[in-house]
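Visitor: My questions will all concern the structure given below.
The values are calculated or read from the model by the stated rules, or taken from the named source; none is laboratory data. What you see is a predicted model, and the numbers here were worked out from it, not measured in a lab. Reconstructed Cβ throughout: ideal geometry from the backbone, glycine too, with neighbour counts over all protein chains shown. What goes into the accessible areas is simple: the full protein's heavy atoms, side chains included, and nothing from ligands, DNA or RNA. Shrake-Rupley method; radii C 1.70, N 1.55, O 1.52, S 1.80 Å.
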Amino acid sequence: MKINVVKNVLKANDLVAEKNRQAFREAGILAINLISSPGSGKTTLLEKTLAALSGRDPSIVIVGDLQTSRDAERVADRAFQVTQINTGMSCHLYANQIASSLPALDLEQASFLFIENVGNLVCPGEFDLGENLKVILLSIPEGDDKVAKYPTVFRAADLVLLTKIDLLDAFQYDLKRVESDLRKLNAVAPLLPFSATTGAGMEDWLKWLQQQKAAKLGAQARFISE
Amino acid sequence: MHEMSLAAALIEDIVRIAQEHQAIRVEAVELHVGALKQVVPEILAEAFKAVAIGTPAEGAVLTQIEIPPRSLCQGCGQEFVPSPSDFLCPYCGALSMITLQGDELILSSLTCATP
C-alpha cells in the first residue's frame, strides 16, 4: 500500500517554536538567537552586553553547549536569570529544549532573552527556536571567506557582528569581500564591526538592541489597539 | 550532523502515519529534499537506518529526491535558479526574491505492508 502525504519533516519543531514565540510576545520580551562558530565571542559579547544593560534592562540567558556549564557561570553574575542546556551529542538547540526551559524563567520581568546557541555555523540555521531575531557573529580570525561558505545562516541573519575587529591588522582580511558576499544573500542585515576588547561597535550594538525592542513593542501595541 | 535530528523527526512522522493506516511494516519512504537545505544525503541515509531500528520502518528503503532551487525576483518578476551563496537576480541584479522551491524537506510518500 502506497500512502501519499505532504508532511514537512520539521513541522513538530516549528510548532513548538511558534508557541515559544507566542510566550515571548505575551511576556513582552525580545528573544535573540546568537549563532556563530565556537570561539567567535558569543559569551564575551554577552558578558559585555549584560553589564551595559544591567539595571535598565534585566536580561535572561539560555546557553547551549554540548558539555559543561562554563558559559552559564561566566554570565551568571550579570544576568537576571541563566539556564544552561547541555545538548550532549547534538550540534544545535531544538525548540523543545527552549520550551522546557521557559517555566523556570520569569520572562515578564526581563527585557531581553539571549539564546546562545551551540557553536556551529551550519545546524543551528535549520532549527527555529521561536526567537524574534537571529544575530550571527563572525570573528576576524575565522577569515573573510566564511559568508559564502556558510550561506544559510547569513541568509537568515537580522544582524551580523564582525567580532574581534581589533585583530584586523594581524590578518590578511578583506572587509569588502565580507560585505559583498553578504549582499548576495541578505539585503537588510546590518554588518557591524565589533570588539569586546576596545569597545568598538558596542554603542551601535546597544542602540540596535533598543531599536529592535522599541520596534517590537510598538508593533505589539498597534496589534493590540487594532 | 543535524541529519540525526532530521532522521528522528522523520521516523516519528512515519511511525504515526503507518499506525494511522494500520500498517505493520514500512517498506519504502520517499523524501523531497530542497537543494538549499543543508542536508548531506549519505549522512541522512545512515542516520535514517540507525533511527529506524526497532520501529516499523526498520530496513525501509529511503529515496531522497533533490528539489532544485528556484526563485522569483520581486524586482523584475523573472524566475531564476539561485546559487546557494548568491541570490542576486541575474536579470536585474536585485536581491529581493521569493524562494519558490529548494528550501523544503517533505515526506512525500510511504509504502507499507498491511496485515
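Visitor: So which residues in the range A:188-211 are farther than 18 Å from A:L175 by Cβ and either touching a Gly at 6+ places or on another chain (Cβ under 6 Å) or aliphatic (A, V, I, L, M) (or both), if there are any at all?
Guide: Matches in the range A:188-211: A:V188, A:A196, A:M202, A:L206, A:L209.
Visitor: From the residues in the range A:9-48 that are open to solvent by less than 50 Å² (accessible area, probe 1.4 Å) and within 14 Å of chain B (Cβ to nearest Cβ), which one is farthest from A:L107 (Cα to Cα)?
Guide: Taking the candidates together, the pick is A:V9.
Visitor: Report yes if A:G55 is more than 17 Å from the chain's Cα centre (by Cα) and over 20 Å from A:G201 (Cα atoms), otherwise no.
Guide: Answer is yes for this residue.
Visitor: Still on this structure, I have one more. For the range B:12-54, which positions are open to solvent by 10 Å² or more (accessible area, probe 1.4 Å), more than 9 Å from every other protein chain (Cβ to nearest Cβ) and of a type in the set (A, V, I, L, M)?
Guide: Once the filter is applied, which keeps residues that are open to solvent by 10 Å² or more (accessible area, probe 1.4 Å), more than 9 Å from every other protein chain (Cβ to nearest Cβ) and of a type in the set (A, V, I, L, M), the range B:12-54 yields B:V15, B:I24, B:V33, B:A35, B:V40, B:I43, B:A45, B:A50, B:V51, B:I53.
Visitor: Which is open to solvent by 70 Å² or more (accessible area, probe 1.4 Å) and within 7 Å of chain A (Cβ to nearest Cβ), of B:P84, B:P90?
Guide: Numbers: B:P90 fails: within 7 Å of chain A (Cβ to nearest Cβ).
Every option except B:P84 fails the conditions.
Visitor: Filtering the range A:145-166 down to residues that are touching a Pro at 6+ places or on another chain (Cβ under 6 Å) and more than 9 Å from chain B (Cβ to nearest Cβ), which residue is farthest from A:D128 (Cα to Cα)?
Guide: A:I165
Visitor: In this structure, is B:S109 at pLDDT 95 or above, open to solvent by less than 60 Å² (accessible area, probe 1.4 Å) and either farther than 22 Å from A:P124 by Cβ or facing chain A (nearest Cβ under 8 Å) (or both)?
Guide: yes
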